[in-house]
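Visitor: Attaching a single structure in structure tokens format; questions to follow.
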Amino acid sequence: MNSSEFLRFLRARSSVREYVGEPLDQGDIDYILACAQTAPSAGNREAWDVVVVTDEDLRMELAVAALEQTHIRDAAAVFAVCANYVRSMSRYGERGILYAVQDATIACTYMMLAVHARGLHSCWTGTFNEGDVRDILHLPTHIRPIALLAVGKGQPPLVRTGRMPVEEHVHREVW
Ligand SMILES: Cc1cc2nc3c(=O)[nH]c(=O)nc-3n(C[C@H](O)[C@H](O)[C@H](O)COP(=O)(O)O)c2cc1C
């Protein structure tokens, strides 16, 4: 893939909230996890973990915890990507909290792009009741859920979301 193809690949991804109910193959799940494993992390501590949820009852519970977002219920799987504070804080102390969140976020980004490369769809979901997600997934106290990535075969939106001009983000040399 050359650089133009890479940009086209990125531009072709959309968040998908309508799913057709097809299950994921184990090969898809393994591929997504293999891609996540390549993500960089602070000090290579890999301070992220993921709970792969395919069980329908658990997805329904997670959808309720995600303030009734039905794509969490309808997707074939939900990848609950978590920061592992102990793995990062054991080296970096307080700063490790920030690193663990970044490690989890970039791992989730790699998963999202892996899903896209596989011809599947996803929706990054950050709106959820953290305590409820903790309870549903039996997360230990040092594990913080960062994002629920809904994954499946879906119906992409007809119109892509827009973006502000990149120059509005960019400051040169100093702010
Ligand atoms: C941190 C974060 C939190 C998000 N939370 C939600 C969410 O709770 N529900 C949802 O439907 N989409 C959520 N999204 C998806 C965004 O709405 C979406 O990425 C944005 O509108 C741009 O659209 P696109 O992904 O189709 O390019 C979230 C995305 C990010 C990065």
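Visitor: Could you grab me the full set of residues in region 54-73 that are within 16 Å of the ligand (Cβ to nearest atom) and either surrounded by fewer than 17 Cβ atoms within 10 Å (Cβ to Cβ) or under 16 Å from the mean Cα position of the chain (by Cα) (or both)?
Guide: Matches in region 54-73: 59, 62, 63, 64, 66, 67, 68, 69, 70, 71, 72, 73.
Visitor: Residues that are in a helix (DSSP H, G or I), more than 12 Å from the ligand (Cβ to nearest atom) and either of a type outside the set (Gly, Ala, Ser) or at pLDDT below 95 (or both): does region 75-84 have at least one? Outline the logic, then answer.
Guide: Keep residues of region 75-84 that are in a helix (DSSP H, G or I), which gives none.
Scanning region 75-84, I find no residue that is in a helix (DSSP H, G or I), more than 12 Å from the ligand (Cβ to nearest atom) and either of a type outside the set (Gly, Ala, Ser) or at pLDDT below 95 (or both), so the answer is no.
Listed here are the residues, each with its yes/no results for (1) in contact with a Pro (Cβ under 8 Å, 6 or more places away or on another chain); (2) in contact (Cβ under 8 Å) with a residue 12 or more places away in the chain; (3) hydrophobic (A, V, I, L, M, F, W, C); (4) closer than 22 Å to residue 135 by Cβ.
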| residue | (1), (2), (3), (4) |
| --- | --- |
| 57 | no, no, no, yes |
| 65 | no, yes, yes, yes |
| 70 | no, yes, no, yes |
| 91 | no, yes, no, no |
| 99 | no, yes, no, no |
| 102 | no, yes, no, no |
| 105 | no, yes, no, no |
| 110 | no, yes, no, no |
| 118 | no, yes, no, no |
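Visitor: Could you run through region 118-140 and say how many residues are touching a helix residue (DSSP H, G or I) at 6+ places or on another chain (Cβ under 9 Å) and small (Gly, Ala, Ser)?
Guide: 2
Visitor: For region 71-101, give me the residue count where each residue is hydroxyl-bearing (Ser, Thr, Tyr) and out of contact with any Phe, Trp or Tyr (no Cβ under 9 Å at 6 or more places or on another chain).
Guide: Within region 71-101, residues that are hydroxyl-bearing (Ser, Thr, Tyr) and out of contact with any Phe, Trp or Tyr (no Cβ under 9 Å at 6 or more places or on another chain) number 2.
Visitor: Just give me the residues in region 1-33 being more than 16 Å from the ligand (Cβ to nearest atom), within 16 Å of residue 79 (Cβ to Cβ) and touching a residue at least 12 places away in the same chain (Cβ under 8 Å), in sequence order.
Guide: 23, 24, 28, 29, 31, 32, 33, listed by residue number.
Visitor: A follow-up question, please. Please pick out the residue among 100, 76 that is within 19 Å of residue 32 (Cα to Cα) and hydrophobic (A, V, I, L, M, F, W, C).
Guide: Of the residues listed, the single one that is within 19 Å of residue 32 (Cα to Cα) and hydrophobic (A, V, I, L, M, F, W, C) is 76.
Visitor: Sort out which residues of region 125-153 are among the β-branched types (Val, Ile, Thr), surrounded by 14 or more Cβ atoms within 10 Å (Cβ to Cβ) and within 14 Å of the ligand (Cβ to nearest atom), and write them in order of number. Write out each step before concluding.
Guide: Narrowing region 125-153 to residues among the β-branched types (Val, Ile, Thr): 125, 127, 133, 136, 141, 143, 146, 151.
Keeping just the survivors that are surrounded by 14 or more Cβ atoms within 10 Å (Cβ to Cβ) gives 125, 133, 136, 143, 146, 151.
Of everything in region 125-153, those that are among the β-branched types (Val, Ile, Thr), surrounded by 14 or more Cβ atoms within 10 Å (Cβ to Cβ) and within 14 Å of the ligand (Cβ to nearest atom) turn out to be 125, 133, 146, 151.
The values are calculated or read from the model by the stated rules, or taken from the named source; none is laboratory data. Quantities reported herein were computed from a predicted structural model and do not represent experimental measurements. Cβ atoms come from the backbone with ideal geometry, glycine included; neighbour counts cover every protein chain shown.
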